[in-house]
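The next block holds one structure in the form of structure tokens; read it before the comments.
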Amino acid sequence: MSEERKPAANEGIKTRSNYLRGTIAEGLADSSTGAMSEDDQQLLKFHGTYQQDDRDLRAKRRKHKLEKAYSFMVRIRVPGGVVTPAQWLQTDLLANRYANGTIKLTTRQAFQFHGIIKSNLKRTLKEINQAAMDTIAACGDVNRNVMCNPNPYLSEVHAQVLKLARDISNHLTPQTRAYHELWLDGGKISSGEEESEPIYGKTYLPRKFKITIAVPPSNDVDIYANCLSFIAIVGDGKLAGFNVAVGGGMGSTHGNQATYPRLADVIGFCTPEQVVDVAEKVVLVQRDFGDRTDRKHARFKYTVDDHGADWILAKINEYLGYELGPVRPFVFEDNGDRYGWVEDRSGNSHLTVFVQGGRVLDTPSYPLLSGLREIARVHDGDFRLTANQNLIIANVAAANRPQIEKLLGQYGIQDSHLKSALRLNSLACVALPTCGLALAEAERYLPDLLTELEEIIEENGLRHDAITIRMTGCPNGCARPFIAEIGLVGRAPGRYNVYLGGGFAGQRLSKLFLESVPGEGLKALLAPIITRYAKERHGGERFGDFCIRAGYVAATVQGADFHQNIQPEAFAKALQIGSIPPTP
Ligand code: HEM
Ligand code: SF4
């Protein structure tokens, strides 16, 4: 018996919103509360902001019968991750003027501000736009920030590829004038004028949509974790075109077998001229066939799984009116960043700076925010946000490098060579105190856990051996933990699900090794595995590969398999924390 399922509540909110206006203007003007109405909170995401509250303060405020300490997270889109020094300075200024004095560099090459109160929200968005940046479609059921490998040193085709990332981004930006009206004092649309959203329509997409462009051998943007990706194919120094990958995604819900992370399928090839068209048509396929009844089943990855990759390819071809070509060979080596200075053929230099958890701030021992401000004042190249929450001070002219190096020294910034490769390959999502979905700490806890794990790393001589480790506060997976070699995913306060066996280049999902491990048990749990890896690995064998070969986890195939097959022997071994023989 087939039953007609009701559209999800958000579909009604979108339909009624008059192209994302809702009652946002009225809500902003209401000074009796720091919050916005439930419906407007959903619409605000499309404008690039999430209502949050400081969870550290909840209990105290409840006791004093105060409303929650509401504030707003604001996300600035940075297509391809490239900003000018002037834009960096404006971001820094706004972080100090309206937010909590810090800038978060996100895992999708965006800036995030935290702690902006409602009465400052409009000013913040307006002043972001004054620096030629925006926040529209940074969140919400639309195409989000388009990512692109940010390292100009890595490829001669970089400028071309970056331009395409920006073209896709512009093409898929919502057309509604609500954004200008609400935040930029743009005139109201007159009653006779028709507004239209040619690509999205009134109800936009079923859920968020994520696009990336990678330039092999680097998979830093993690193409397998995104809805749609383009993999640059370069021959004789020229851009031949792109392989097209569809249907990747991370989010899952603990204990819900119908939700799972999924790796993208590489389904075809297109020329550089076709890229924007292909992006549009893939978005249209998801607009028309994505599940609008269940938001936990609405991402493009489920559309691909429900219909099959072949059906999706045929549908994309049909929408295009031509066929994607056969997939071309490509090889990814890693999904991390390459630290330190590199010089390109033009003589310009680029420095990748490690930013712990992507959080740019000043502490007494490490005034990173101030140092970068001074650098931005004299820098005549650009800054690039990496997909690994780091920062590239890019395109430093030879003549300018000495003064940049002097500032780096003065502020103690250039020290990535002193850090363990484990730390340099770590990611942490925001989680507590701002993220309303966090079940456990991530960004505030991972640095300390890494310090503990570094003891084992040092004991085993692994300081320079990269192992990817990623922690999130919940299984939504914002820091892409399910493709890390070690994934730690919040289960409850202080407890983490431990996933092992992800591919070093982000090409394989990890698998659940042990559930709900207390934070203080993580070192003991991982120590024997890391020790065995140091002693028993084959030449060049990666940690994730070793975890599978040594039988700690089985390789995950795809889809719902992710939740199954928690190997009983692995459990048995793991439960004897500390008593696993380090080496036979
Ligand atoms: C159901 C799925 C998801 C939901 C509901 C969700 C929701 C959120 C929320 C509320 C935040 C704000 C946290 C804060 O700043 O306080 C956030 C941050 C973020 N999310 Fe998600 N998220 C989901 C999945 C994902 C996935 C799969 C990715 C990427 C693969 C992603 C990428 C990000 C990024 C880049 C940030 C910024 C902070 C960071 O770099 O960690 N999200 N997400
Ligand atoms: S992974 Fe979960 S806890 Fe972390 S930022 Fe995303 S939604 Fe919040």
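The values are calculated or read from the model by the stated rules, or taken from the named source; none is laboratory data. Bear in mind the structure is a predicted one, so any value in this text is a computation, not a measurement. Using ideal geometry, Cβ is built from the backbone for each residue, glycine included, and neighbour counts are taken over all protein chains shown. Accessible surface areas use protein heavy atoms only, side chains included; no ligands, DNA or RNA. Shrake-Rupley method; radii C 1.70, N 1.55, O 1.52, S 1.80 Å.
Between Lys238 and Arg62, the simple label model (points 7 Å from Cα in the Cβ direction) yields a spacing of 6.6 nm. A protection proxy built from the mean count of other Cβ atoms within 10 Å ranks the segments 108-117, 158-167, most packed first, as 108-117, 158-167.
Bridge orientation summary for the chain: considering DSSP beta bridges with both residues in this region, about 80 percent are antiparallel. Separation of the range 197-228 from the range 427-504 is 24 Å, based on Cα centroids. Phi angles of the range 512-527 translate, via the Karplus equation with coefficients 6.51, -1.76, 1.60 and θ = phi - 60°, into HN-Hα couplings of 4, 9, 8, 8, 6, 7, x, x, 6, x, 5, 5, 4, 5, 7, 3 Hz per residue; Gly and Pro are given as x. Legend note: in the chain, cysteines whose Cβ sits 4.7 Å or more from every other cysteine Cβ are Cys139, Cys148, Cys227, Cys270, Cys435, Cys474, Cys547. What the range 504-557 shows is 34 Å² of accessible area per residue, with the surface traced by a 1.4 Å probe over protein heavy atoms. Can you give me the % of accessible surface on the chain that is carbon or sulfur? Probe 1.4 Å, all protein chains present, nothing else counted. So the carbon and sulfur contribution to the accessible surface is 51 percent.
The loop-placed chymotrypsin sites (Phe, Trp or Tyr not before Pro) in the range 154-255, going by DSSP, include none that has at most 10 neighbouring Cβ atoms within 10 Å of its Cβ. Can you give the FRET efficiency for Ala29 and Lys419, using 1/(1 + (r/R0)^6), R0 = 51 Å, r = Cβ-Cβ distance, to the nearest 0.05? The pair Ala29/Lys419 has a calculated efficiency of 0.60.
Compactness check for the range 477-540: Cα Rg over 2.2 N^0.38 Å is 1.15. Length gained on full extension, His171 to Ala86, computed as 0.36 nm times the residue gap minus the Cα-Cα distance: 28.1 nm. Backbone phi angles across the range 458-471, fed through the Karplus curve with coefficients 6.51, -1.76 and 1.60 (θ = phi - 60°), yield HN-Hα couplings of 5, 4, 9, x, 9, 3, 9, 9, 5, 10, 7, 9, 9, 10 Hz in residue order; Gly and Pro are listed as x. When the alpha carbon coordinates of the range 139-180 are projected onto the principal axes, the ranges are 39, 15, 14 Å, largest first.
Could I get the Rg over Rh figure for the chain? Both from C-alpha atoms, Rh via Kirkwood, rounded to two places.
Details: Rg = 23.4 Å, Rh = 24.6 Å.
Reported Rg/Rh, Kirkwood definition of Rh: 0.95.
Projecting the Cα positions of Pro261, Pro217, Thr176 onto the charge dipole of the range 176-316 (unit charges on Cβ atoms of Lys, Arg, Asp and Glu, taken about the Cα centre) puts Pro261 furthest along the positive direction. Taking 18 Å as the straight-line reach from the Cα of Lys163, the lysines in range (excluding those fewer than 8 positions away in the same chain) are Lys210, Lys238. Positive-end ranking of Gln389, Ile456, Ser426 along the dipole of the range 378-493, with charges on Cβ about the Cα centre, is headed by Gln389. Full extension of the chain between Thr253 and Arg377 yields a length gain of 40.2 nm, computed as 0.36 nm times the residue separation minus the alpha carbon distance.
Roughly speaking, what is the stretch gain from Thr451 to His180, that is 0.36 nm per residue apart minus the C-alpha to C-alpha distance, in nm to one decimal?
On the way: separation 271, 0.36 × 271 = 97.56 nm, distance 4.64 nm.
Going from the current span to full extension adds 92.9 nm.
Cα gyration tensor of the range 192-292, axes a ≥ b ≥ c as square roots of the eigenvalues: rounded (a/c below 1.5), prolate (a/b > b/c) or oblate? Oblate is the answer for the range 192-292, as a/c is 1.5 or above yet b/c matches or exceeds a/b. Ignoring everything except DSSP H segments at least 4 long, calculate the 222 nm mean residue ellipticity for the chain; use -39,500 (n - 2.57) per segment, divide by total residues, nearest 500. Rounded to the nearest 500, the figure is -9000 deg cm²/dmol.
Loop by DSSP (not H, G, I, E, B), at most 16 other beta-carbon atoms within 10 Å: where is the longest site-free stretch of the chain for GluC sites (Glu not before Pro)?
On the way: sites that count: Glu3, Glu4, Glu67, Glu156, Glu193, Glu194, Glu195, Glu323, Glu333, Glu541.
For GluC sites (Glu not before Pro) (loop position, at most 16 other Cβ atoms within 10 Å), the longest site-free span of the chain is 334-540.
Extending 7 Å from Cα along the Cβ direction at Arg16 and again at Glu195 yields two label points whose distance is 1.6 nm.
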